[in-house]
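The block underneath contains the structure these notes are about, expressed in structure tokens.
What follows is calculated from the coordinates using simple rules that are stated; it is not laboratory data. No experiment lies behind these values; they were computed from the predicted model shown. Every residue, glycine among them, receives a Cβ derived from its backbone with ideal geometry; neighbour counts consider all protein chains shown.
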Amino acid sequence: MKICWVDFFSENDPNLLIEELRKLGHIVTNECDDSYDWIFNASIFKENIARVLKHKYPKARLANYCWDFYQWAWEGKHDLPWHKYHKFLLDSDLVLVPSRGQQKRLKEFGIESEVVLTSIDCEDAKSSNKGFVLDHVREYPEANQFWIRKACEELNIPVDHSEHKYLKEEFKERVASCSLLACGYLEASTGGLTLIEGLWNGKPSLISDSPYMGGKDYLGEFGFYFKHDDFEDLKIQLRKLFDNPPKIDIVKARQYIIKNFSHAVMAKRLEEVLCAASLK
């Protein structure tokens, strides 16, 4: 296949996922012409570029990887043009999503999609326990927005809401030194990929059991869960995990991560869904 990758990448600093697609024999570039099979877009911010390319090269099919599109965005609680993006997704030949939770929400918006779990880069870090909960996902306006911090405050447990305030190495240290990671939201496309970065280094994570919580697809058997509509249950589960952090089998966890979230695995899955859609 020939794929026009809308997001910028440099040949001097290549995207590792693109490298894996090329190893499978596919041509992947920033360019496009009438011989290309797919225009691949993975950002609401690149919608206009993808739209122009599709108009100019109508023979190429359009695939959109929709990272996140939540109920609160649909309701206008965010300043991006979500309803315009909704129309763009409807006009796509293929919509991909990173989790079943996001797939469920898009289906409610009238959009069918295929789940392709994203690949994740993980780094070794010196692990310690400095006695705090890392609330790693950015703030956004939904019902459970402040649940982790509120629960920690009521339990007198130190909590760090990172909100992108750390440099890369600083954040890496925070992940490696927390007692556990936590995401309290009802709706999160992946639960924050920091969950997997933490798991790589033996950190447990607590997330909601909401049907819109995509983190379940990533943590699987290694995850810990609270009832998404029960604040008191969140407090109970936080207390348990903070006081007695479970010992995670790092060898087993890393084997699980490599098996499911390597760039090679994602490239193969992308190849499968793009080839299948090309035959329709």
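Indicate, rounded to the nearest 5 percent, the antiparallel portion of the DSSP beta bridges found entirely in the chain. Could the numbers behind the result be given before it?
Details: 1 of 29 bridges.
Percentage antiparallel, nearest 5: 5.
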When we measure straight from the Cα of residue 259, which lysines land under 20 angstrom away, once same-chain ones fewer than 8 places off are left out? 23, 203, 216, 268
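As a test of the formula, what do you get for the chain when each DSSP H run with n ≥ 4 contributes -39,500 (n - 2.57) and the sum is divided by the residue count, at 222 nm and rounded to the nearest 500 deg cm²/dmol?
Numbers: 12 runs with 112 residues, N = 280.
After summing the helix terms and dividing by the residues of the chain, the value is -11500 deg cm²/dmol.
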Residue by residue through the stretch 212-220, which ³J(HN,Hα) values in whole Hz follow from phi under the Karplus form 6.51 cos²θ - 1.76 cosθ + 1.60 (θ = phi - 60°), with glycine and proline marked x? 9, 8, x, x, 4, 5, 9, 7, x
Rel. contact order, % - alpha carbon contacts under 8 angstrom, at least six apart, the stretch 111-263: 26 percent
Give the calculated FRET efficiency between residue 164 and residue 52 to the nearest 0.05, with a Förster radius of 25 Å applied to their Cβ-Cβ distance. 0.25
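What net charge do the residues around residue 215 carry, taking every other residue with its C-beta under 12 Å from that of residue 215, with Lys and Arg at +1 and Asp and Glu at -1?
Numbers: positive: 100, 216; negative: 187, 209, 217.
Once positives and negatives cancel, what remains is -1.
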Which of the peptides 239-249, 265-275 is most tightly packed, and how do the rest follow, going by the mean number of other Cβ atoms within 10 Å of each residue? 265-275, 239-249
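Got a sec? How would 122, 32 order by Cβ neighbour count within 10 Å, fewest to most? It would help to have the intermediate numbers written out before the result.
Numbers: 122 18, 32 21.
Going from sparsest to densest Cβ surroundings: 122, 32.
Pairs of alpha-carbon atoms within less than 8 angstrom and 6+ residues apart define the contacts here; what relative contact order does the chain have, in percent? Show your work: numbers first, answer last.
Numbers: 519 pairs, mean separation 46.3, N = 280.
Rounded, it is 17 percent for the chain.
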Please list the non-local residues whose amide H lies under 5 Å from the amide H of residue 65, H modeled 1.01 Å from N, same-chain partners needing a gap of 5 or more. 41, 42, 43, 96
Given the candidates 132, 74, 245, the one whose Cα lies deepest towards the positive end of the charge dipole of the chain, counting +1 at each Lys or Arg C-beta and -1 at each Asp or Glu C-beta, is 245
Whole-Hz Karplus ³J(HN,Hα) for the stretch 79-90, in order, using 6.51 cos²θ - 1.76 cosθ + 1.60 and θ = phi - 60°, x for Gly and Pro? 8, 7, x, 5, 6, 5, 5, 4, 4, 5, 5, 4
How large is the dipole of the chain about the Cα centre if only Lys and Arg carry +1 and Asp and Glu carry -1, each at its Cβ, rounded to the nearest 20 debye? 340 debye
Which order do 279, 90 fall in if you start with the one that has the fewest other Cβ atoms within 10 Å? 279, 90
Label model pair residue 250, residue 80: point-to-point distance (7 angstrom along the Cα→beta-carbon line) in nm is 3.5 nm
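Suppose R0 equals 30 Å; then what is the FRET efficiency for residue 43 and residue 233 from their Cβ-Cβ distance, rounded to the nearest 0.05? Numbers along the way, then the final one.
On the way: r = 36 Å, r/R0 = 1.19.
Efficiency computed from Cβ-Cβ geometry: 0.25.
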Under Karplus coefficients 6.51, -1.76 and 1.60, residue-wise ³J(HN,Hα) of the stretch 27-38 in Hz, glycine/proline x: 8, 10, 9, 7, 8, 8, 7, 5, 8, 7, 7, 9
Pull the list of the chain cysteines that no other Cys approaches to under 4.7 Å, Cβ to Cβ. 66, 122, 152, 178, 183, 275
If one takes the longest principal axis of the Cα atoms in the chain, at what angle in degrees, from 0 to 90 and to the nearest 10, does the Cα axis of helix 250-261 lie? 20 degrees
